[in-house]
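The values are calculated or read from the model by the stated rules, or taken from the named source; none is laboratory data. Keep in mind that this is a model prediction, so the values were computed, not measured. Heads up, the Cβs are rebuilt from the backbone with ideal geometry, glycines too, and the neighbour counts pull from every protein chain shown.
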Amino acid sequence: MVTSLLHRIRYIAVAALLGATVTACTTVAETGRTQFNFMSDRQANQMGLGAYQQIKKEKKISRNTELAKQVRQVGNRVAKASGRNYAWEFTLFEDENPNAFALPGGKVGVNTGLFKVAKNRDQLAAVMAHEVAHATSRHSAERVSGQTGVQAILVGAGAAMGASQNTMNLFAQAATLGVILPFNRSQESEADYIGLLFMARAGYDPRQAVELWKNFANYGGNRPPEFLSTHPSPGNRIQKLQANMPAAMREYQNSPYRK
Ligand SMILES: [Zn+2]
(Lines give C-alpha, C1' and ligand atoms only; values in the text may rest on other atoms or scores of the structure.)
Protein backbone atom coordinates (compact mmCIF):
# COMPACT_ATOMS: atom_id res chain seq x y z
CA MET A 1 0.00 0.00 0.00
CA VAL A 2 2.70 2.46 1.08
CA THR A 3 4.93 1.30 -1.76
CA SER A 4 2.12 1.82 -4.22
CA LEU A 5 1.51 5.35 -2.94
CA LEU A 6 5.22 6.16 -3.14
CA HIS A 7 5.27 4.75 -6.62
CA ARG A 8 2.39 7.00 -7.60
CA ILE A 9 3.99 10.08 -6.08
CA ARG A 10 7.19 9.30 -7.95
CA TYR A 11 5.20 8.83 -11.14
CA ILE A 12 3.46 12.19 -10.69
CA ALA A 13 6.78 13.92 -9.97
CA VAL A 14 8.36 12.47 -13.10
CA ALA A 15 5.30 13.40 -15.15
CA ALA A 16 5.42 16.96 -13.81
CA LEU A 17 9.11 17.20 -14.60
CA LEU A 18 8.54 15.90 -18.11
CA GLY A 19 5.71 18.38 -18.53
CA ALA A 20 8.01 21.19 -17.43
CA THR A 21 10.70 20.06 -19.84
CA VAL A 22 8.27 19.87 -22.73
CA THR A 23 6.95 23.38 -22.13
CA ALA A 24 10.35 24.90 -21.23
CA CYS A 25 11.36 25.45 -24.85
CA THR A 26 9.46 26.86 -27.80
CA THR A 27 10.62 28.09 -31.20
CA VAL A 28 9.91 31.35 -33.00
CA ALA A 29 8.65 30.12 -36.38
CA GLU A 30 9.93 33.00 -38.52
CA THR A 31 13.50 33.03 -37.18
CA GLY A 32 13.92 29.46 -35.89
CA ARG A 33 15.18 30.83 -32.57
CA THR A 34 14.66 28.52 -29.58
CA GLN A 35 13.35 30.31 -26.51
CA PHE A 36 13.11 29.41 -22.85
CA ASN A 37 9.41 29.39 -22.05
CA PHE A 38 7.56 27.85 -19.10
CA MET A 39 4.08 28.59 -20.35
CA SER A 40 1.77 26.89 -22.79
CA ASP A 41 0.06 29.18 -25.30
CA ARG A 42 -3.24 28.68 -23.51
CA GLN A 43 -1.76 29.84 -20.21
CA ALA A 44 0.02 32.80 -21.79
CA ASN A 45 -3.13 33.85 -23.65
CA GLN A 46 -5.14 33.77 -20.42
CA MET A 47 -2.46 35.92 -18.86
CA GLY A 48 -2.63 38.38 -21.77
CA LEU A 49 -6.41 38.61 -21.64
CA GLY A 50 -6.38 39.30 -17.88
CA ALA A 51 -3.79 42.05 -18.21
CA TYR A 52 -5.60 43.60 -21.21
CA GLN A 53 -8.89 43.79 -19.34
CA GLN A 54 -7.08 45.47 -16.45
CA ILE A 55 -5.41 48.02 -18.75
CA LYS A 56 -8.72 48.79 -20.48
CA LYS A 57 -10.21 49.58 -17.07
CA GLU A 58 -7.32 51.82 -16.06
CA LYS A 59 -6.45 53.62 -19.29
CA LYS A 60 -8.76 56.00 -21.12
CA ILE A 61 -10.07 54.49 -24.37
CA SER A 62 -10.07 57.01 -27.24
CA ARG A 63 -13.39 58.39 -28.49
CA ASN A 64 -11.89 59.17 -31.88
CA THR A 65 -13.85 56.56 -33.82
CA GLU A 66 -12.13 57.37 -37.13
CA LEU A 67 -8.61 56.74 -35.80
CA ALA A 68 -9.77 53.73 -33.77
CA LYS A 69 -11.24 52.23 -36.95
CA GLN A 70 -7.98 52.78 -38.79
CA VAL A 71 -6.04 51.06 -36.00
CA ARG A 72 -8.42 48.09 -36.13
CA GLN A 73 -8.30 47.81 -39.93
CA VAL A 74 -4.53 48.02 -40.23
CA GLY A 75 -4.08 45.76 -37.18
CA ASN A 76 -6.43 43.07 -38.47
CA ARG A 77 -4.80 43.03 -41.91
CA VAL A 78 -1.31 42.63 -40.43
CA ALA A 79 -2.61 40.02 -37.96
CA LYS A 80 -4.15 38.04 -40.82
CA ALA A 81 -0.84 38.19 -42.68
CA SER A 82 0.89 36.71 -39.61
CA GLY A 83 -1.14 33.54 -40.12
CA ARG A 84 -1.90 33.20 -36.40
CA ASN A 85 -5.45 32.48 -35.44
CA TYR A 86 -5.52 34.50 -32.19
CA ALA A 87 -8.48 36.40 -30.76
CA TRP A 88 -6.89 39.61 -32.05
CA GLU A 89 -8.00 42.88 -30.49
CA PHE A 90 -6.73 46.39 -31.23
CA THR A 91 -7.61 49.25 -28.90
CA LEU A 92 -6.78 52.95 -29.28
CA PHE A 93 -6.03 54.69 -25.98
CA GLU A 94 -6.17 58.42 -25.28
CA ASP A 95 -2.55 59.08 -24.38
CA GLU A 96 -0.17 61.62 -25.96
CA ASN A 97 2.86 59.40 -25.46
CA PRO A 98 3.74 57.88 -28.88
CA ASN A 99 3.63 54.28 -27.76
CA ALA A 100 2.05 50.88 -28.35
CA PHE A 101 2.12 47.48 -26.65
CA ALA A 102 1.32 43.82 -27.30
CA LEU A 103 0.17 41.08 -24.92
CA PRO A 104 0.07 37.31 -25.43
CA GLY A 105 -2.84 36.03 -27.48
CA GLY A 106 -3.00 39.06 -29.77
CA LYS A 107 -4.12 41.85 -27.46
CA VAL A 108 -2.65 45.09 -28.80
CA GLY A 109 -2.88 48.68 -27.59
CA VAL A 110 -1.98 51.89 -29.45
CA ASN A 111 -1.81 55.41 -28.03
CA THR A 112 -3.31 58.40 -29.88
CA GLY A 113 0.13 60.05 -29.52
CA LEU A 114 1.55 57.50 -31.96
CA PHE A 115 0.01 59.49 -34.80
CA LYS A 116 2.52 62.28 -34.10
CA VAL A 117 5.20 59.88 -35.35
CA ALA A 118 3.37 57.49 -37.70
CA LYS A 119 2.54 59.90 -40.52
CA ASN A 120 0.69 57.56 -42.88
CA ARG A 121 -1.04 54.16 -42.99
CA ASP A 122 2.14 52.26 -43.91
CA GLN A 123 4.01 53.74 -40.96
CA LEU A 124 1.12 52.84 -38.65
CA ALA A 125 1.31 49.33 -40.13
CA ALA A 126 5.04 49.21 -39.28
CA VAL A 127 4.29 49.83 -35.60
CA MET A 128 1.35 47.43 -35.52
CA ALA A 129 3.30 44.70 -37.31
CA HIS A 130 6.12 45.14 -34.79
CA GLU A 131 3.59 44.65 -31.97
CA VAL A 132 1.89 41.72 -33.71
CA ALA A 133 5.36 40.14 -34.04
CA HIS A 134 5.96 40.49 -30.27
CA ALA A 135 2.68 38.61 -29.71
CA THR A 136 3.26 35.83 -32.27
CA SER A 137 6.83 35.34 -31.01
CA ARG A 138 5.58 34.78 -27.44
CA HIS A 139 7.92 37.49 -26.14
CA SER A 140 5.90 38.26 -22.98
CA ALA A 141 5.81 34.62 -21.87
CA GLU A 142 9.52 34.33 -22.59
CA ARG A 143 10.22 37.47 -20.57
CA VAL A 144 8.20 36.21 -17.62
CA SER A 145 9.87 32.77 -17.86
CA GLY A 146 13.26 34.46 -17.81
CA GLN A 147 12.58 36.15 -14.48
CA THR A 148 14.79 34.85 -11.73
CA GLY A 149 13.59 34.09 -8.24
CA VAL A 150 10.52 32.67 -6.65
CA GLN A 151 8.06 33.98 -9.19
CA ALA A 152 9.62 32.11 -12.10
CA ILE A 153 9.81 28.93 -10.06
CA LEU A 154 6.15 29.29 -9.06
CA VAL A 155 5.05 29.97 -12.61
CA GLY A 156 7.07 26.97 -13.78
CA ALA A 157 5.63 24.73 -11.11
CA GLY A 158 2.14 25.97 -11.98
CA ALA A 159 2.68 25.23 -15.66
CA ALA A 160 3.87 21.72 -14.82
CA MET A 161 0.84 21.04 -12.63
CA GLY A 162 -1.75 22.38 -15.03
CA ALA A 163 -3.83 25.51 -14.73
CA SER A 164 -5.80 25.61 -11.49
CA GLN A 165 -7.42 28.86 -10.37
CA ASN A 166 -4.47 29.61 -8.09
CA THR A 167 -2.11 29.05 -10.95
CA MET A 168 -4.12 31.41 -13.09
CA ASN A 169 -3.84 34.09 -10.38
CA LEU A 170 -0.11 33.59 -10.49
CA PHE A 171 -0.15 34.05 -14.22
CA ALA A 172 -2.17 37.24 -13.80
CA GLN A 173 0.50 38.57 -11.43
CA ALA A 174 3.23 37.47 -13.79
CA ALA A 175 1.39 39.26 -16.60
CA THR A 176 1.38 42.51 -14.67
CA LEU A 177 5.10 42.12 -14.17
CA GLY A 178 5.51 41.24 -17.83
CA VAL A 179 3.68 44.37 -18.93
CA ILE A 180 5.88 46.59 -16.80
CA LEU A 181 9.16 45.00 -17.82
CA PRO A 182 10.49 46.08 -21.19
CA PHE A 183 11.32 43.56 -23.88
CA ASN A 184 15.01 42.90 -24.23
CA ARG A 185 17.08 44.05 -27.15
CA SER A 186 17.17 40.76 -29.04
CA GLN A 187 13.38 40.50 -28.78
CA GLU A 188 13.10 44.03 -30.16
CA SER A 189 15.34 43.21 -33.11
CA GLU A 190 13.35 40.04 -33.72
CA ALA A 191 10.05 41.97 -33.66
CA ASP A 192 11.55 44.50 -36.12
CA TYR A 193 12.55 41.74 -38.53
CA ILE A 194 9.33 39.72 -38.30
CA GLY A 195 7.21 42.88 -38.25
CA LEU A 196 8.82 44.03 -41.50
CA LEU A 197 7.84 40.73 -43.17
CA PHE A 198 4.29 40.83 -41.75
CA MET A 199 3.60 44.41 -42.89
CA ALA A 200 4.94 43.64 -46.37
CA ARG A 201 2.88 40.46 -46.59
CA ALA A 202 -0.18 42.56 -45.64
CA GLY A 203 0.54 44.87 -48.60
CA TYR A 204 2.03 47.82 -46.69
CA ASP A 205 5.22 49.37 -48.08
CA PRO A 206 8.07 48.04 -45.88
CA ARG A 207 10.31 50.99 -46.85
CA GLN A 208 8.01 53.14 -44.71
CA ALA A 209 9.30 51.29 -41.61
CA VAL A 210 12.62 53.09 -42.13
CA GLU A 211 10.80 56.44 -42.37
CA LEU A 212 8.91 55.64 -39.18
CA TRP A 213 12.09 55.00 -37.19
CA LYS A 214 13.60 58.21 -38.56
CA ASN A 215 10.51 60.04 -37.22
CA PHE A 216 10.98 58.33 -33.86
CA ALA A 217 14.63 59.34 -33.79
CA ASN A 218 13.65 62.97 -34.43
CA TYR A 219 10.83 62.97 -31.90
CA GLY A 220 11.79 65.24 -29.03
CA GLY A 221 9.09 64.54 -26.43
CA ASN A 222 8.97 62.00 -23.62
CA ARG A 223 10.92 58.84 -24.28
CA PRO A 224 8.36 56.01 -24.38
CA PRO A 225 9.75 52.74 -23.02
CA GLU A 226 8.67 50.55 -25.92
CA PHE A 227 10.08 52.65 -28.72
CA LEU A 228 13.21 54.42 -27.63
CA SER A 229 14.95 53.61 -24.38
CA THR A 230 15.11 49.82 -24.62
CA HIS A 231 15.28 49.54 -28.36
CA PRO A 232 18.40 49.25 -30.46
CA SER A 233 19.67 52.72 -31.39
CA PRO A 234 17.75 54.20 -34.38
CA GLY A 235 20.82 54.10 -36.66
CA ASN A 236 21.47 50.47 -35.85
CA ARG A 237 17.84 49.52 -36.28
CA ILE A 238 17.53 51.33 -39.64
CA GLN A 239 20.68 49.56 -40.87
CA LYS A 240 19.19 46.17 -39.94
CA LEU A 241 15.85 47.01 -41.55
CA GLN A 242 17.63 47.95 -44.76
CA ALA A 243 19.57 44.68 -44.72
CA ASN A 244 16.25 42.81 -44.53
CA MET A 245 14.55 45.03 -47.11
CA PRO A 246 15.13 42.81 -50.20
CA ALA A 247 13.29 39.89 -48.52
CA ALA A 248 10.53 42.25 -47.34
CA MET A 249 10.16 43.75 -50.83
CA ARG A 250 9.61 40.25 -52.26
CA GLU A 251 6.82 39.70 -49.72
CA TYR A 252 5.38 43.11 -50.61
CA GLN A 253 5.39 42.41 -54.35
CA ASN A 254 3.69 39.03 -53.81
CA SER A 255 1.13 40.33 -51.32
CA PRO A 256 -2.46 39.38 -52.30
CA TYR A 257 -3.56 42.80 -51.03
CA ARG A 258 -1.73 44.51 -53.89
CA LYS A 259 -3.42 42.51 -56.66
ZN1 LIG B 1 8.99 46.36 -29.36
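Computed values, structure above
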item	result
Residue satisfying condition, being modelled with pLDDT of 90 or more and crowded, with 23+ Cβ neighbours inside 10 Å, within set Gly48, Gly75, Gly32	Gly75
Selection from the stretch 25-71 of residues that are touching a residue at least 60 places away in the same chain (Cβ under 8 Å) and aromatic (Phe, Trp, Tyr)	Phe36, Phe38
So Thr26, is it within 13 Å of Thr136 (Cα to Cα), outside any helix (DSSP H, G or I) and at pLDDT below 90	yes
Output for the stretch 83-103, where each listed residue is within 14 Å of the ligand (Cβ to nearest atom) and assigned to a loop (DSSP other than H, G, I, E, B)	Pro98, Asn99
Count of residues meeting criterion [small (Gly, Ala, Ser), within 16 Å of the ligand (Cβ to nearest atom) and either more than 23 Å from Gly75 (Cβ to Cβ) or at pLDDT 95 or above (or both)] in the stretch 160-190	1
Flag if Tyr219 is at pLDDT 95 or above and hydroxyl-bearing (Ser, Thr, Tyr)	no
Selection from the stretch 120-148 of residues that are in contact with a Leu (Cβ under 8 Å, 6 or more places away or on another chain) and not in a helix (DSSP H, G or I)	Gln147
Cβ-Cβ under 6 Å pairs, at least 6 apart or on other chains, the stretch 228-252 side surrounded by 17 or more Cβ atoms within 10 Å (Cβ to Cβ), far side at pLDDT 95 or above and small (Gly, Ala, Ser)	Leu241/Ala209; Ala248/Ala200; Glu251/Ala200; Tyr252/Ala200
